[in-house]
Amino acid sequence: MSIRRQAYEWRNIVPGSTAIVSNSGHPVLNYSVTTGNVDGRAIEIPALVPYDIMVGGVGNNLEEPAMLRANQLIVVDHMGSYPDSAGLNIRIGTTRYFQNPDGVPDIGMPSSAMPFQPITIPTGESQLGFFEEITPPVYILPGQTWGIEFTSFETLNAGSPTPTSDTDIARAYVRYLLIDGPDQLIATRLLEQNIPISAENIQWYKQNLIRNRLRADLGIEDALEERLAGKERRLI
Amino acid sequence: MAITYQNYEWTLKGQSATVAADPSDFPPASVETSIFVGGFGNNIEIPPFVTEDQFVVIEKFGSTGGVLAEPTVSSALLTNFVPNGFIQIVINTTGYYQDPQNTWQHGISGDAAPYPFGTTDIPPSYVLDPPVYVLPEQTWDIRYTMMNNLPQFIRDWNTANNPDTLKIPPSTTIARCHVQYHLFDGPDSLICHQLLELGIPINVENVEWYRRILLKSRGLDTSTWEHYLEVSQAYRDREKKYEELYGRTRKA
């Protein structure tokens with residue numbers, strides 16, 4: 001029973017010289033003592049090929065696709081990617097959220113609009129955009145599968161080289177509210193009533209429920225007292 | 001009786017510029033380490049435990065950013081090693097962060113929630129909103145996981161440069177974590193409970209507001225349904241007023 005602020009981060013770096021995916025999440029990275037280089041590769045991302053950042057088979061992945069349980073609901077409100085030629089699209093079931101004016105899905109929200117930069121880039125206008133949020137946010141309902149697709153306009157890390165700085169690593173980031181348990185039931189009620197689902201509105205709905213319950217309890221107490229007022233008191 | 005804004009900073013540094021670094025003095029890669037009692041860096045003696053007259057609201061945290069370690073060794077002294085770290089909040093035995101396949105994950109990276117935070121920096125990508133409540137009688141912990149393998153790097157360096165050994169001076173900071181939280185204790189923690197029962201967010205503003213309500217109703221019985229209903233109604237009226245005066249509306 002809770003509302004939790006979650007985040008998922010993807011990078012196209014994997015350890016060793018043969019693997020292209022780490023199915024157990026972010027991998028442990030070892031380093032050469034002679035060169036200082038990482039024992040790993042930044043995997044090539046071909047141009048205009050979408051990769052699911054959770055089960056796409058490149059970089060850190062999950063073992064199974066993201067799917068919501070019957071008691072869960074997700075509100076995706078922020079994401080970001082790197083480098084500038086990349087973009088992210090949200091996939092729910094088989095539907096892509098971002099599409100061109102002709103209705104055909106495109107690469108999605110470009111990194112230039114919602115960046116997730118390496119911390120090593122110190123300043124500059126390329127860092128603007130962290131303030132951006134997806135408004136209205138995207139709801140993912142119980143039982144739905146979802147994913148985030150990373151696509152680049154140009155080929156990244158051609159030949160899957162060993163990265164020498166953080167700027168050589170492509171990345172994606174998504175931030176969302178995970179609502180489960182009774183709070184998910186409240187979120188569903190808000191959805192039915194066309195009220196935006198947010199932590200504030202769930203809290204507001206809970207306050208109303210509590211207030212109405214208190215009113216009902218007070219009413220029952222008054223009715224009981226009224227009914228018992230005329231009765232003779234008996235000792236048991 | 002107090003509301004205090006607390007913080008805790010954890011720093012993992014080298015130990016000596018003259019004595020060989022011991023790999024066991026640094027957290028193993030991919031293993032979660034408590035920043036309070038994990039046995040590495042600065043620690044406290046007992047794990048954080050919220051006593052029966054306290055209430056904790058965790059609001060912000062951050063850790064050292066960066067992915068690649070970019071180790072720098074000069075004259076057998078390691079002067080730079082980026083940790084590639086993640087932070088997980090644990091309450092009792094439950095991890096706050098889970099991945100989209102509903103399993104325990106390492107948490108939030110230093111790139112998403114960086115620390116230290118400079119005056120010219122933009123806000124971090126990750127914001128802990130809503131905050132995390134830690135109730136009385138609960139233990140809580142901040143666990144830090146390094147994914148860059150420092151112990152292995154020390155072992156490999158010593159093997160490659162035998163009989164020379166790698167040293168990590170105290171001036172080399174490997175990782176830093178920071179957490180900020182509000183600590184409500186004494187009667188204020190009781191107020192937190194009342195607010196929780198009424199579904200009102202627990203923050204300094206609301207606790208002080210509830211205290212004013214209590215002072216106004218001095219001498220009256222404040223444990224009845226009527227009182228709760230009045231408080232609940234008063235909160236609703238106040239929110240409505242804010243909406244009118246400040247243009248505050250329910251957020252999308």
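For A:ILE90, the shell of other residues with beta-carbons less than 9 Å away shows a net charge of +1, using +1 for Lys and Arg and -1 for Asp and Glu.
Listed peptides A:54-63, A:189-198 appear in the order A:54-63, A:189-198 once ranked by packing, highest mean of other Cβ atoms within 10 Å at the front. Considering all alpha-carbon pairs of the protein assembly as shown, what whole percent are spaced by more than 35 angstrom? Taking all Cα-Cα pairs of the protein assembly as shown, the fraction more than 35 Å apart is 41 percent. The mean count of C-beta atoms from other chains within 10 Å of the C-beta of residues in B:123-131, rounded to a whole number, is 5.
Based on DSSP H segments of at least four residues, each scored -39500 (n - 2.57), chain B has a per-residue ellipticity at 222 nm of -7500 deg cm²/dmol. Each principal axis of the Cα cloud of region A:1-62 was taken in turn, and the coordinate range along them, longest first, works out to 50, 30, 15 Å. Let me check against my output: what whole-number percent is the relative contact order of chain B, with C-alpha pairs under 8 Å and at least 6 apart? With pairs under 8 Å counted, the relative contact order is 32 percent. Using Cβ point charges alone (K and R +1, D and E -1), the dipole size of region A:68-125 about the Cα centre works out to roughly 340 debye.
Taking 7 Å steps out from each Cα toward its Cβ at B:ALA20 and A:GLU132 produces label points 5.3 nm apart.
Evaluating kT/(6 pi eta Rh) at 4 °C and 1.567 mPa s, with the Kirkwood radius of region B:1-57 over Cα pairs in the Stokes-Einstein relation, gives 92 µm² s⁻¹.
PRE reach from B:TYR8 (point 7 Å along Cα→Cβ): which of region B:123-143 fall under 14 Å by backbone N? Answer for region B:123-143: B:134-135, B:138-143. Kindly express, to the nearest 10 degrees and within the range 0 to 90, the angle between helix B:187-198's C-alpha long axis and the longest C-alpha principal axis of chain B. So the inclination is approximately 70 degrees. Seen against the Cα atoms of chain A and their longest principal axis, helix A:182-192 is set at about 90 degrees.
Kindly state, to the nearest 0.05, the FRET efficiency for A:VAL21 paired with A:GLU232, given R0 = 56 Å and r defined as their beta-carbon distance. In this case the efficiency is close to 0.10.
Using the Cβ-Cβ distance between B:ASN43 and B:VAL204 with R0 = 35 Å, the FRET efficiency computed as 1/(1 + (r/R0)^6) comes to roughly 0.75.
With helices as the sole contributors, chain A gives -6000 deg cm²/dmol at 222 nm; each DSSP H run of n ≥ 4 counts as -39500 (n - 2.57), and the sum is divided by every residue. For B:GLU137 and B:ASP237, the difference between the fully extended length at 0.36 nm per residue and the C-alpha to C-alpha distance is 32.6 nm.
Peptide B:166-176 is shielded by partner chain Cβ atoms: per residue, an average of 0 of them sit within 10 Å of its Cβ. Across the alpha-carbon set of region A:32-182, the Rg to Rh ratio works out to 1.00, Rh being the Kirkwood radius. Taking label points 7 Å from Cα along the Cα-to-Cβ direction, B:ALA76 and B:THR94 give a separation of 5.2 nm. Mean partner shielding of peptide A:205-215, defined as the number of other chain Cβ atoms within 10 Å of each residue Cβ, is 5. Distance between the pseudo-spin-label points of B:ARG211 and A:GLU221 (7 Å out from Cα toward the beta carbon): 2.7 nm. When chain A is treated as a GNM with alpha-carbon contacts under 10 Å, the residue of A:PHE150, A:PHE116, A:PHE98 showing the greatest mean-square fluctuation is A:PHE98. Counting only the backbone N, which residues of region B:62-83 are under 16 Å from the spot 7 Å out from the Cα of B:ALA160 toward its beta-carbon? In region B:62-83, the label zone of B:ALA160 (backbone N under 16 Å from the point 7 Å along Cα→Cβ) covers B:69-82.
Here r is the Cβ-Cβ distance between A:ARG189 and A:LEU48 and R0 is 56 Å; the resulting FRET efficiency, rounded to 0.05, is 0.85. GNM on chain A, alpha-carbon springs under 10 angstrom: the most fluctuating residue among A:THR120, A:THR167, A:THR151 is A:THR120. Give the residues of region B:47-65 whose amide nitrogen is closer than 19 Å to a point set 7 Å from the Cα of B:SER223 in the direction of its Cβ. Residues B:52-54 qualify, since their backbone N sits under 19 Å from the label point.
Taken over region B:55-150, the percentage of Cα pairs per 5 Å bin, counting from 0 up to the bin with the maximum distance, is 3, 12, 19, 20, 18, 13, 8, 5, 2, 1, 0. Within straight-line reach of B:LYS60, meaning a Cα separation under 13 Å, sit the following aspartates and glutamates at least 8 residues removed in sequence or on another chain: B:GLU9, B:ASP129.
Rule-based calculations on the coordinates, nothing more; no lab input. This is a predicted model, so every value here is computed, not measured. Glycine gets a Cβ as well: all are built from the backbone with ideal geometry, and neighbour counts include every protein chain shown.
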